[in-house]
2 protein chains.
Amino acid sequence: MRVYLAGPDVFLPDAIAIGRRKKELCAYYGFEGLFPFDNEVDAAAGGTPVDTLIYRANAAMIRRADCGIFNLTPFRGPSADVGTVFELGMLIGLGKPAFAYTNNPLDLLDRVRGLGTTEFAHGVWRDSNRMSVENFNNTDNLMIDAALRDQGHPIIRHAAPGDRLFDDLGGFEKCLSFAAETLTAAAAR
Amino acid sequence: MRVYLAGPDVFLPDAIAIGRRKKELCAYYGFEGLFPFDNEVDAAAGGTPVDTLIYRANAAMIRRADCGIFNLTPFRGPSADVGTVFELGMLIGLGKPAFAYTNNPLDLLDRVRGLGTTEFAHGVWRDSNRMSVENFNNTDNLMIDAALRDQGHPIIRHAAPGDRLFDDLGGFEKCLSFAAETLTAAAAR
């Protein structure tokens with residue numbers, strides 16, 4: 001069972017080491033982990049830009065995967081990393097099982113309110129640009145939370161220490177364990 | 001030709017009016033616009049949560065669409081709205097043509113540097129969490145920019161006035177016009 005490992009982990013200074021640890025944990029739970037950093041991109045490939053080569057390699061990996069585990073920890077704002085979310089959408093579009101965790105256990109609304117410029121009027125929260133803020137007790141935008149819940153895989157909320165937001169693997173391991181159980185049960189049916 | 005209209009527009013105080021204007025512009029360019037706010041969600045539907053009903057209605061609309069136009073204007077941070085990006089990933093996973101615009105013409109790197117806490121060392125930009133910042137002259141994460149460029153539809157950058165960031169439709173109309181030309185040319189081949 002090949003599992004695509006998506007997350008802002010690829011931006012960490014020790015991304016390669018984190019990818020290796022995630023793949024070891026995958027093996028322990030019976031999965032083959034596919035970490036995007038694996039992609040050997042040949043910068044000299046016929047003049048194709050490096051970012052296009054990385055995109056194509058990751059998209060091919062997502063198509064090859066049997067399922068995915070997504071790190072939805074908020075990244076540079078109250079929501080998840082958009083690269084990770086793009087990949088989640090792709091996997092859902094392809095009809096494959098997706099599992100997810102976040103290292104911040106709060107609701108989206110609490111994080112946006114934490115920015116300090118929201119107001120509540122006529123039953124709706126609005127941010128400083130007067131854009132409404134969803135109030136469904138979700139970790140992020142409803143398209144993300146509901147897509148996962150609709151597959152029977154609600155997002156796992158893990159409270160990582162503040163200084164370990166991006167490299168604590170406790171939430172990842174809970175998610176991996178849940179994925180292994182869920183997929184084993186599905187295969188047995 | 002049915003075009004799914006994704007964007008943080010749904011969070012505007014006058015979302016319904018904006019949706020109507022977008023659909024009128026679509027009709028002018030020969031498209032049928034599908035705006036997510038159209039979804040009549042029955043809150044009393046058998047105890048299913050409202051957010052799940054909205055998700056299912058939007059996902060069904062994406063599956064019914066022939067193509068999509070995505071508003072990738074930065075939202076609550078340096079990147080696009082994650083709901084919009086999820087839907088973009090889904091449409092790409094489904095193999096349909098996607099077009100996109102942003103009302104902020106800057107590169108992602110410039111916006112992250114604008115946060116004031118980045119540093120450059122060993123050839124890499126890093127933010128205040130030491131997470132690397134992509135430097136490919138893209139408007140956003142490479143998965144987004146490269147996916148669109150790979151379809152031959154680079155993201156259209158439109159400089160909207162600061163106070164019209166979310167309701168200026170100039171970028172949308174440029175994108176719509178480009179989509180109409182591109183799809184007409186493709187159909188003629």
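The values are calculated or read from the model by the stated rules, or taken from the named source; none is laboratory data. Values in this document were obtained by computation on a predicted structure and should not be read as measured data. All Cβ positions, even for glycine, are placed from backbone atoms using ideal geometry, and neighbour counts span all protein chains on display. Keep in mind that these areas ignore ligands, DNA and RNA; they rest on the heavy atoms of the full protein, side chains included. Shrake-Rupley method; radii C 1.70, N 1.55, O 1.52, S 1.80 Å.
Partner shielding of B:122-130 amounts to 3, given as the average count of beta-carbon atoms from other chains within 10 Å of each residue beta-carbon.
Which whole-number percent of Cα pairs in chain A have a distance greater than 31 Å? Looking at chain A, the distances longer than 31 Å represent 21 percent of pairs. Here the protein assembly as shown carries DSSP beta bridges of which approximately 30% are antiparallel, counting only pairs with both residues inside.
With a ≥ b ≥ c the root eigenvalues of the C-alpha gyration tensor of the range A:64-118, is it rounded (a/c under 1.5), prolate (a/b larger than b/c) or oblate? Judged from the Cα gyration tensor, the range A:64-118 comes out prolate (a/c at least 1.5, a/b above b/c). Mean per-residue shielding of peptide A:52-60 is 4, counting Cβ atoms of other chains within 10 Å of each Cβ. When both the range A:112-189 and the range A:75-107 are represented by their alpha-carbon centers, they are found 8 Å apart.
Which value, in Å² and to the nearest 10, is the accessible area of A:K174 when all protein chains are kept and the probe is 1.4 Å? Its accessible surface works out to 100 Å², give or take rounding. Looking at the range A:1-142, the accessible area is 41 square angstrom per residue; that uses a 1.4 Å probe and ignores ligands, DNA and RNA. Residue-wise HN-Hα couplings along the range A:79-88, as the Karplus relation 6.51 cos²θ - 1.76 cosθ + 1.60 with θ = phi - 60° gives them from phi, are 10, 5, 4, 5, x, 5, 5, 4, 5, 4 Hz; Gly and Pro carry x. Counting only DSSP beta bridges whose two residues both lie in chain B, roughly 30 percent are antiparallel. Scaled against the 2.2 N^0.38 Å expected of a compact globular protein of N residues, the Cα radius of gyration of the protein assembly as shown reads 0.95.
For the range B:4-17, the Karplus equation 6.51 cos²θ - 1.76 cosθ + 1.60, evaluated at θ = phi - 60°, returns couplings of 7, 10, 9, x, x, 3, 5, 8, 5, x, 10, 4, 5, 5 Hz by residue, with Gly and Pro reported as x. Once the C-beta distance of B:E24 and B:E119 is scaled by a Förster radius of 35 Å, the resulting FRET efficiency is 0.15 to the nearest 0.05.
Listed by chain and number, the aspartates and glutamates whose alpha-carbon sits under 17 Å from that of A:K23, ignoring those within fewer than 8 places in the same chain, are A:D9, A:D14, A:E32, A:D38, A:E40, A:D66, A:D167, A:D168, A:E173.
Accessible surface buried by the B/A pair amounts to about 4400 Å², both sides summed, 1.4 Å probe.
A 1.4 Å probe, protein heavy atoms only, puts the accessible area of A:Y29 near 60 Å².
Of A:D168, A:D163, the order by accessible heavy-atom surface (1.4 Å probe, DNA, RNA and ligands excluded), from most exposed downward, is A:D163, A:D168.
Near B:N137: Cβ cut-off under 15 Å, other residues only, Lys/Arg at +1 and Asp/Glu at -1. The net charge is -2. Loop-located GluC sites (Glu not before Pro) across the range A:1-81 with a Cβ neighbour count of 13 or fewer within 10 Å are A:E40, with loop assigned by DSSP. Take A:D150, push a point 7 Å out from Cα through the beta-carbon direction, and compare it with the same point in every other copy: 2.4 nm, smallest first.
Accessible surface of chain B, 1.4 Å probe: 52 percent of it comes from carbon and sulfur atoms. Put A:E173, A:E119, B:E134, A:E87 in order of accessible area, highest first, and with a 1.4 Å probe you get A:E119, A:E173, B:E134, A:E87. A probe of 1.4 angstrom, applied to the heavy atoms of all protein chains, finds A:W125 with accessible area near 40 square angstrom.
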